[in-house]
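For reference, the structure is listed below as structure tokens.
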Amino acid sequence: MSILTTIESNLKDAMKSKNELLSSTLRMMKSDILYEKTKGTQELTDEKIIEVLTRSAKRRKEAIAEYEKAGRDDLARKEKQELEIIMQYLPQQMSADEIASHVDAVIASMGTITNKDTGKVMGQVMKDLKGKADGQVVKQIVTQKLEKL
């Protein structure tokens, strides 16, 4: 079953049970996915859907940080709840240790690397870990590893 089919099925169930938060979040997710479908001629694969949902999760994380900085805990709480729902449809995120070991392997495979090669390393690591790791965490780990060289 594709991710979109699962979302649609869960949306029907949420509407029947009158769960407003879940319904609105699933509607937003479905809307984002269908909008992506209208933008391009590419077929809407699960990989593309994961990409859309990852962007949506990133927006929620940024909104949470901004709301907390502004002291709006009520809005931050709602964003956190929506983020939890979105994360259920994304692949399991890798731990920092797993990311670090992958970064070590990429650096080793690239040969001679300096701390100026952050872009090259980041490009390869993000390509390998697409949808499985948060870009901010990967950036921190890559920066730390390259500083030690």
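A few comments on the model shown:
- Subset of the range 1-12 [surrounded by fewer than 13 Cβ atoms within 10 Å (Cβ to Cβ), more than 20 Å from the chain's Cα centre (by Cα) and assigned to a helix (DSSP H, G or I)]: S9, K12
- In the range 75-90, of all residues being part of a loop (DSSP other than H, G, I, E, B) and surrounded by 15 or more Cβ atoms within 10 Å (Cβ to Cβ), the one that is nearest to the chain's Cα centre (by Cα) corresponds to L90.
- Failed item, numbered, when Q42 is tested on (1) outside any loop (DSSP other than H, G, I, E, B); (2) free of Cβ contacts under 8 Å to residues at least 60 places away in the same chain; (3) closer than 19 Å to G131 by Cα: (1)
- Hey, M122 under 30 Å from I33 (Cβ atoms), in contact (Cβ under 8 Å) with a residue 12 or more places away in the chain, touching a helix residue (DSSP H, G or I) at 6+ places or on another chain (Cβ under 9 Å) and assigned to a helix (DSSP H, G or I) or not: yes
- S95 polar (S, T, N, Q) and within 20 Å of G135 (Cα to Cα): yes
- Residues in the range 128-145 that are of a type outside the set (G, A, S) and either in contact with a helix residue (DSSP H, G or I) (Cβ under 7 Å, 6 or more places away or on another chain) or in contact (Cβ under 8 Å) with a residue 24 or more places away in the chain (or both): D128, L129, K130, K132, D134, V137, V138, K139, I141, V142, T143, K145.
- Residue that is surrounded by the most Cβ atoms within 10 Å (Cβ to Cβ) [pool: residues in the range 45-74 that are of a type in the set (V, I, T) and part of a helix (DSSP H, G or I)]: I49
- Taken over the range 131-149, the criterion of being crowded, with 17+ Cβ neighbours inside 10 Å and over 14 Å from the mean Cα position of the chain (by Cα) is satisfied by I141, V142, K145, L146.
- Residues within the range 97-106 that are surrounded by 13 or more Cβ atoms within 10 Å (Cβ to Cβ) and either touching a residue at least 40 places away in the same chain (Cβ under 8 Å) or under 14 Å from the mean Cα position of the chain (by Cα) (or both), tallied: 3
Every number here is computed from the coordinates shown, using simple stated rules; none is lab data. Nothing here was measured: the structure is a model prediction, and the numbers come from that model. Cβ: placed from backbone, ideal geometry, glycine included. Neighbour counts: every protein chain shown.
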